[in-house]
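The values are calculated or read from the model by the stated rules, or taken from the named source; none is laboratory data. Everything quoted here is computed from the prediction, not taken from an experiment. Positions of Cβ are generated from backbone atoms using ideal geometry, with glycine treated the same way; all protein chains shown enter the neighbour counts.
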């Protein structure tokens with residue numbers, strides 16, 4: 001469908017009209033009892049989201065452009081100096097030889113292999129941009145090879161279509177042709193894409209396709225594709241085909257051993273199978289910070305869970321406060337990338353005054369502390385189609401009043417965490433609408449280990465104070481969030497780290513959560529090489545139940561070093577733990593209580609997610625542990 005829908009509001013309901021200028025349409029109507037059920041059906045129709053490599057869920061440091069391999073190394077070294085986790089450093093179009101993709105500027109990037117290896121030695125990756133417009137240069141091998149195979153988009157008169165894009169005069173491969181997609185995929189082989197390696201991944205931009213001198217900045221509708229198809233029929237599919245071909249190329253180069261990562265700007269139904277999407281060129285403006293949330297929510301419930309917006313805004317220069325607020329919000333974007341235009345000032349965190357730099361770093365560190373939870377969300381998305389970033393109504397619509405669900409300035413990050421952004425300067429107090437009803441309990445995330453704490457009921461609007469730094473995040477009672485508290489340089493270096501569980505009890509003392517772990521790199525999980533454990537709390541007992549376990553990390557048992565249990569508990573006398581057939585009695589040297597939290601230190605016991613175990617809370621009055 002190449003035309004938008006027209007919606008007429010009439011008394012008694014809405015009537016939608018679909019208009020096509022290119023023939024008959026097929027309409028699929030998907031119904032379900034819940035939003036999740038509808039999205040699962042949609043995924044069965046169009047494809048389930050890709051399970052990304054673990055590194056792709058971390059922090060991405062990007063700019064148009066890092067100017068040389070020395071510049072890239074300097075960025076990496078500053079990240080180390082600031083002890084800031086980051087998984088990827090990006091290279092935009094200036095790294096190429098005159099915008100000839102699959103090539104390198106030999107002066108500024110004289111030894112790209114060394115640069116990629118250097119960054120990889122710190123557990124990090126490189127992403128390079130590969131756009132689908134090809135410089136019209138007889139000496140450029142990609143151009144001449146496509147010429148020889150006659151795989152270009154043509155005009156209605158049969159001539160090779162040319163337009164203007166970053167390289168100047170450009171030609172456009174016909175990605176609707178399977179032969180072209182196969183040719184494109186082969187260009188990513190390590191022996192063809194010089195200086196590429198298993199630590200280098202890809203970004204497809206401008207793939208609508210973008211034509212600077214074309215009608216509506218794209219290709220004329222009358223252009224011809226394979227088998228005589230007009231561009232008007234295939235426009236919405238062009239970027240999808242580019243994304244697909246690039247994804248296949250990264251599969252091909254590793255002989256289907258390593259999960260690809262490909263970011264695309266253009267997308268269509270099914271693009272979720274190939275990787276991440278972002279919102280395109282935004283602006284360093286408070287309004288653009290705010291609208292990023294409904295944009296990403298719309299994409300998420302349209303079946304595209306791996307989405308993000310450029311942190312700080314692509315155009316113009318953010319104020320330090322805007323940059324810090326954007327990072328604090330983007331911690332909870334599924335795709336977490338700082339990116340900027342070449343005419344903007346440098347905006348790496350160390351370019352700002354210390355107070356703002358530390359806020360940005362704290363936001364990045366928080367994302368990595370949430371990595372076990374985030375990675376589990378990606379697993380759930382890949383297996384059910386459910387979004388990672390979701391509207392407030394997605395899980396709690398039947399239990400909530402409409403007034404707590406209508407806004408789009410807050411959202412759920414998975415089923416457990418409510419995130420409320422701050423979208424104006426000089427704001428410290430925030431009103432938050434809490435979904436649910438009186439039976440639902442919400443806990444402020446920042447207070448989870450504080451001596452003074454608050455509980456909030458669902459269905460209310462509450463004013464939260466003291467957010468000069470950070471933004472409100474609340475955990476829903478009845479959920480469990482897995483965290484990893486050690487600060488590492490990247491997700492790659494977190495594989496052997498212990499976990500900590502934040503267990504939020506509901507009104508009835510119940511809670512449930514999931515932890516999913518695999519190698520983060522290969523497709524072995526498809527053959528069962530993963531760990532999945534379910535943690536439940538009921539009757540003052542916490543149970544870890546191993547659902548599936550055919551994955552181990554040498555030197556790691558994925559131990560639980562700490563439990564933080566949020567809820568209204570009686571004073572405890574002791575805690576009993578049963579693991580591997582042994583009972584351990586913990587006295588107050590191993591736990592302490594605050595107003596609404598219990599913190600249990602279990603590292604000496606080596607409680608492992610690989611094993612079933614129980615944690616029994618025993619109150620001083622020998623009755624229920626709940627108040």
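If you check 76, 67 for being in contact with a strand residue (DSSP E or B) (Cβ under 8 Å, 6 or more places away or on another chain) and under 16 Å from residue 115 (Cα atoms), only one passes: 76.
Every condition in (1) closer than 20 Å to residue 485 by Cα; (2) surrounded by fewer than 19 Cβ atoms within 10 Å (Cβ to Cβ); (3) in contact with a helix residue (DSSP H, G or I) (Cβ under 9 Å, 6 or more places away or on another chain) is met by residue 551 except one, and the failing one is (1). Considering 222, 198, 254, the condition of being under 22 Å from the mean Cα position of the chain (by Cα) and surrounded by fewer than 21 Cβ atoms within 10 Å (Cβ to Cβ) is satisfied by 198 alone.
Does residue 439 satisfy the criteria of being out of contact with any strand residue (DSSP E or B) (no Cβ under 7 Å at 6 or more places or on another chain), within 28 Å of residue 569 (Cα to Cα) and surrounded by fewer than 22 Cβ atoms within 10 Å (Cβ to Cβ)? The answer is yes for residue 439.
Checked against (1) surrounded by fewer than 16 Cβ atoms within 10 Å (Cβ to Cβ); (2) outside any helix (DSSP H, G or I), residue 86 passes all but condition (1). Residues that are assigned to a strand (DSSP E or B) and surrounded by 14 or more Cβ atoms within 10 Å (Cβ to Cβ) within the range 533-547 comprise 533, 534, 535, 536, 537, 541, 542, 543, 544, 546, listed in sequence order.
Picking from residues in the range 269-287 that are part of a loop (DSSP other than H, G, I, E, B) and surrounded by fewer than 17 Cβ atoms within 10 Å (Cβ to Cβ), the one that is nearest to the chain's Cα centre (by Cα) is 280.
Taken as a whole, the condition of being more than 30 Å from residue 83 (Cβ to Cβ), crowded, with 22+ Cβ neighbours inside 10 Å, in contact (Cβ under 8 Å) with a residue 60 or more places away in the chain and touching a strand residue (DSSP E or B) at 6+ places or on another chain (Cβ under 6 Å) does not apply to residue 513. Kindly indicate the residue of the range 121-134 that is farther than 23 Å from residue 242 by Cβ and touching a helix residue (DSSP H, G or I) at 6+ places or on another chain (Cβ under 9 Å) and also surrounded by the fewest Cβ atoms within 10 Å (Cβ to Cβ) among those meeting that condition. Out of the qualifying residues, it is 122. The residue that is farthest from residue 388 (Cα to Cα), among those in the range 18-39 that are surrounded by 12 or more Cβ atoms within 10 Å (Cβ to Cβ) and without any contact (Cβ under 8 Å) to a residue 40 or more places away in the chain, is 20.
Here's the yes/no breakdown for (1) touching a helix residue (DSSP H, G or I) at 6+ places or on another chain (Cβ under 9 Å); (2) farther than 18 Å from residue 489 by Cβ; (3) crowded, with 17+ Cβ neighbours inside 10 Å; (4) at pLDDT below 95:
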position: 342; (1), (2), (3), (4): yes, yes, no, no
position: 347; (1), (2), (3), (4): yes, yes, yes, no
position: 360; (1), (2), (3), (4): yes, no, yes, no
position: 363; (1), (2), (3), (4): yes, no, yes, no
position: 376; (1), (2), (3), (4): no, yes, yes, no
position: 380; (1), (2), (3), (4): no, yes, yes, no
position: 384; (1), (2), (3), (4): yes, yes, no, no
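Here residue 21 clears all of (1) modelled with pLDDT under 95; (2) in contact with a strand residue (DSSP E or B) (Cβ under 7 Å, 6 or more places away or on another chain); (3) assigned to a loop (DSSP other than H, G, I, E, B) except the condition numbered (2). Is there a residue in the range 556-575 that is modelled with pLDDT of 95 or more, out of contact with any helix residue (DSSP H, G or I) (no Cβ under 7 Å at 6 or more places or on another chain), buried (at least 17 other Cβ atoms within 10 Å of the Cβ) and at positive phi? Scanning the range 556-575 turns up at least one residue that is modelled with pLDDT of 95 or more, out of contact with any helix residue (DSSP H, G or I) (no Cβ under 7 Å at 6 or more places or on another chain), buried (at least 17 other Cβ atoms within 10 Å of the Cβ) and at positive phi.
Selection of the range 152-170 for residues being assigned to a loop (DSSP other than H, G, I, E, B) and farther than 20 Å from residue 94 by Cα yields 153, 155, 156, 157, 158, 159, 161. Of the residues screened, residue 576 is not one that is within 19 Å of residue 449 (Cα to Cα) and part of a strand (DSSP E or B).
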